[in-house]
1. Mind giving me the nanometre distance, one decimal, between the label points for THR86 and LEU192, set 7 Å out from Cα along Cα→Cβ?
2. Order these by the 10 Å Cβ neighbour count, fewest first: PHE111, PHE72, PHE66.
3. Hey, rough spin-label estimate for TRP11 and TRP29, points 7 angstrom out along Cα→Cβ, what's it come to in nanometres?
4. To the nearest 20 Debye, how big is the dipole of region 13-200 about its Cα centre, given +1 on the beta carbon of each Lys and Arg and -1 on that of each Asp and Glu?
5. Rounded to the nearest 0.05, what FRET efficiency do LEU167 and THR53 have when you use their Cβ-Cβ distance and R0 = 45 Å?
6. For THR46, which sequence-distant residues (separation of 5 or more, or a different chain) have an amide H within less than 5 Å of its own amide H, given hydrogens modelled in the peptide plane?
7. Within 10 Å of each candidate Cβ there may be at most 13 other Cβ atoms; applying that plus a DSSP loop requirement, which GluC sites (Glu not before Pro) in region 1-93 survive?
Amino acid sequence: MLTTERRKPGWLLYPGWVVLSALSIPLAWGITWVVISQIEKVIGGTIQVGGQTRITEDYLASFILFPLLFLFTGLLQYLILGHYLTGMGWWIPATALSWLLPLGIMRLVYFFLPAGLAVDSTLLNALLIALMGSLIGLSQWLVLRKHVRQAGWWILACAVGWGLVFLVTGPSISSTLDVVVVALLPPLVTCLALWALLDWLPRRD
């Protein structure tokens with residue numbers, strides 16, 4: 001029998017969840033921009049990679065942005081969720097791992113594709129979004145299942161939240177509105193799931 005302490009969710013939990021989750025994106029972007037601007041002062045606006053000239057910002061952005069985004073998402077969600085559920089320290093590394101896995105998988109897919117094979121980028125982007133949402137939910141479920149019953153719904157909520165992002169924005173994030181959609185849709189969907197899991201279902205004892 002597994003027993004965990006759990007406070008009754010207050011009214012700040014759910015808006016706090018949405019706001020803090022959404023803040024991870026501008027925080028990560030802001031720090032990424034500062035870091036890249038400093039790097040460009042040293043190496044310039046272009047960089048040589050494998051004998052090809054690449055734009056420094058475009059090439060380095062994902063290597064800086066995504067790790068920061070992983071960290072801030074897990075950390076900020078933990079700050080609000082940890083007030084109501086004890087023993088949630090693994091939430092941060094679980095979230096970080098869940099974002100890294102789909103990116104690693106997609107890099108392997110591109111690496112092993114036969115040369116000259118035409119691939120629909122929209123299909124690959126859709127696959128990446130589906131993988132990302134599902135793996136975020138799966139990794140966080142490993143932590144959440146110790147505290148609530150039927151925590152498997154969390155996996156579905158994460159997949160739906162990120163799936164809706166792709167349906168609304170399409171294969172690319174090209175406008176301020178798209179960024180707002182990415183920042184808000186997944187937290188809003190998972191907020192509904194969190195409300196159901198914490199308010200409707202009893203503690204796992």
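Just so you know, all these numbers are worked out from the coordinates, no wet-lab data involved. What you see is a predicted model, and the numbers here were worked out from it, not measured in a lab. Don't worry about glycine lacking a Cβ; one is built from the backbone with ideal geometry, like all the others, and counts go over all protein chains shown.
1. 3.3 nm
2. Lowest to highest Cβ neighbour count: PHE111, PHE66, PHE72.
3. 3.1 nm
4. So the dipole magnitude of region 13-200 works out to roughly 420 debye.
5. Numbers: r = 36 Å, r/R0 = 0.79.
FRET efficiency, LEU167 to THR53: 0.80.
6. THR56
7. Details: sites: GLU5, GLU40, GLU57; in loops: GLU5.
Within region 1-93, the qualifying GluC sites (Glu not before Pro) (loop, at most 13 other Cβ atoms within 10 Å) are GLU5.
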